[in-house]
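The structure appears below as structure tokens.
Each reported figure results from applying straightforward, stated rules to the coordinates on display, with no laboratory input. Quantities reported herein were computed from a predicted structural model and do not represent experimental measurements. Reconstructed Cβ throughout: ideal geometry from the backbone, glycine too, with neighbour counts over all protein chains shown.
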Amino acid sequence: MEVQLEPEVPAPDLDTEVWGRRLCQAMVQLALPPDTVLAIRVVSDEAMQAINRDHRGLDRPTDVLSFPMYDKADLEGILSGTVERDPGPLLLGDLVVSLETCARQAATYGHGLDREFGFLLAHGLLHLMGDDHEEPEDEARMRARQRQIMDDWGLSMETA
């Protein structure tokens, strides 16, 4: 497992080594192969707004964006061995997190930055795996998976 966590803004309160280990642990639990690569950019609201505008047509910052390399069916096929994948590492996709929005949300919800950052990473990782929350049953399944990841990280989702 490889996690490329690249803060593009000052992030002294984020321990990138701890988050790398946590994410590798989650990827193992999600049954991803050992050669899986996950890229994460930590950006400002200004950068996030530009990315959100360019990719989703929404001219405002958001907390996390996920850019999966595969749709759910293809990834499931790769993981089960029924779909052939390109040689080399399994590039899962990219996550982009706005540190400013993350910090605001942590303050709004009354918990720490680590807990909010973890929530956003777990949420984004599951989107890269093809999970969504468009339908109530999908949302319930995704929240249960997020809760399990966060519990394994020692972070509570009670205020999420």
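Any residue at all in region 137-150 that's in a loop (DSSP other than H, G, I, E, B), charged (D, E, K, R) and more than 16 Å from Ala26 (Cα to Cα)? Give the derivation first.
To start, the set of residues in region 137-150 that are in a loop (DSSP other than H, G, I, E, B) comprises none.
The answer is no; no qualifying residue exists.
In region 66-95, what residues are touching a helix residue (DSSP H, G or I) at 6+ places or on another chain (Cβ under 6 Å) and within 22 Å of Cys24 (Cβ to Cβ)?
Ser66, Pro68, Arg85, Leu92, Gly93, Leu95, listed by residue number.
Every residue, every condition in (1) under 16 Å from the mean Cα position of the chain (by Cα); (2) in contact (Cβ under 8 Å) with a residue 40 or more places away in the chain, yes or no:
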position	(1), (2)
Val96	yes, yes
Glu100	no, yes
Arg104	no, no
Arg115	yes, yes
Leu125	yes, yes
His133	yes, no
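Let me confirm something: among Ala26, Ala73, which residue is out of contact with any strand residue (DSSP E or B) (no Cβ under 7 Å at 6 or more places or on another chain) and buried (at least 17 other Cβ atoms within 10 Å of the Cβ)? Full working, then the answer.
On the way: Ala73 fails: buried (at least 17 other Cβ atoms within 10 Å of the Cβ).
Only one candidate passes the filter, namely Ala26.
Restricting to region 94-124, and then to whatever is part of a helix (DSSP H, G or I) and touching a Pro at 6+ places or on another chain (Cβ under 9 Å), can you tell me which residue is surrounded by the fewest Cβ atoms within 10 Å (Cβ to Cβ)?
Residues of region 94-124 part of a helix (DSSP H, G or I): 99-109, 113-124.
Among the residues that remain, those that are also touching a Pro at 6+ places or on another chain (Cβ under 9 Å) are: 99-101.
Details: Leu99: 24, Glu100: 17, Thr101: 21.
Result: Glu100.
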